[in-house]
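Visitor: Before anything else, here's the structure in question.
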Amino acid sequence: MPEIKTPVSPRGRAVAPRLVLWAFFTEAILAGGNSVAIRFSNRELDPLWGASVRFAVAALLVGLVMAAMKIQVPRGRLLGGAVVYGLFQFAGAFGLYYFALVEIQAGLGQTLLALVPLATLLLAVTQKLERLRIAALVGAVISLMGVAVISREPLQESISMTSLVAVLGSVLCFAQALVIVRRLPPVHPVALNTVGMAASVPVLLVASLLRDETIVLPSLPETWVAIAYVAAIGSVVVFLLQVFVVQHWSASRTSYVMVLIPIVTVAMSAWLDQEPITFGLLIGGTLILLGVYFGALRQRGITSRRTVPGFPSNGP
């Protein structure tokens, strides 16, 4: 059994491994409602405009948190890195995902996003941040087998190639955003998300205008509730948790949260949007949890070769 090392916060304080683990699972639960809320938002608002509204509100909220905590705006390399992170994480990944969810159901969309761990692992390896570990690769395969079982019936439905490519593009953007965080020097997650979200809004707005989308405010109560959830919980809380975890775990290990989220999404979609829960969910969910344990949670002794989270790692 490898030695369990206590993570260190960006300010140098020790962080209990159990706290990072709780943050990991809380992120999965809260993020599970995002796809369902986006589907409700897309029923009234055009997708890129809806994403623009979401991250404009979210940037304001997390900016207020930043001001209350008296956190300084990043400068120099940190500022540029935060902007690039935001373009991949918020403008790229979510812009494509909002577009795809106009046609694809929430459960299926979130299931396809479970490819993020494998994509992150491959990107981290090709960019020489990590070494290809057999256990992580096997864990990803097991998890994806579970995803395939869960999505067996939805995948039989006809979806356009455009929507499918949009989801796959979103997968790559999510994965690259996680790798970028590991390359950055220590930066407060609140500052990182404030800059990243703010940088994404004009890009999403320009893309919305280029697509000739209708720019209107919501009129339905369920749309306002959906935007409030994705802006406050799904953006501010979830992304703060995500950055906190990735600062203490490897990029590929952190991304295993993406194979837990579909379980929550399918359950919430069944409750709020009357999507059926099949026997495949029970079998597939077991495989997903097994893959997460084997590929991510079991690798407890792995840390970066550098002592400060946020710097790139050359492998375990």
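Visitor: Regarding L101, is this residue surrounded by 21 or more Cβ atoms within 10 Å (Cβ to Cβ), over 13 Å from the mean Cα position of the chain (by Cα) and touching a residue at least 40 places away in the same chain (Cβ under 8 Å)?
Guide: In short, yes.
Visitor: Give V225, V147 a once-over and let me know the one that is hydrophobic (A, V, I, L, M, F, W, C) and at pLDDT 85 or above.
Guide: V225 is the lone residue from the list that is hydrophobic (A, V, I, L, M, F, W, C) and at pLDDT 85 or above.
Visitor: Shifting gears a bit: Kindly indicate the residue of region 106-136 that is part of a loop (DSSP other than H, G, I, E, B) and farther than 18 Å from G234 by Cα and also nearest to the chain's Cα centre (by Cα) among those meeting that condition.
Guide: This residue is L115.
Visitor: Shifting gears a bit: I need a count of the residues in region 205-231 that are crowded, with 16+ Cβ neighbours inside 10 Å and either closer than 26 Å to I71 by Cα or touching a Cys at 6+ places or on another chain (Cβ under 7 Å) (or both).
Guide: 3
Visitor: Now a separate question. Taking T194, is it part of a helix (DSSP H, G or I), touching a residue at least 24 places away in the same chain (Cβ under 8 Å) and touching a helix residue (DSSP H, G or I) at 6+ places or on another chain (Cβ under 8 Å)?
Guide: So T194 fits the description; yes.
Visitor: Working only within region 244-291, note down all residues that are surrounded by fewer than 24 Cβ atoms within 10 Å (Cβ to Cβ) and at pLDDT below 75.
Guide: Answer for region 244-291, where residues must be surrounded by fewer than 24 Cβ atoms within 10 Å (Cβ to Cβ) and at pLDDT below 75: D273, Q274, E275, P276, I277, T278, F279, G280, L281, L282, G285, L289.
The values are calculated or read from the model by the stated rules, or taken from the named source; none is laboratory data. These numbers were taken from a predicted model, which means no experiment stands behind them. Methodologically, a virtual Cβ is constructed for each residue, glycine included, from the backbone with ideal geometry; neighbour enumeration extends over all protein chains shown.
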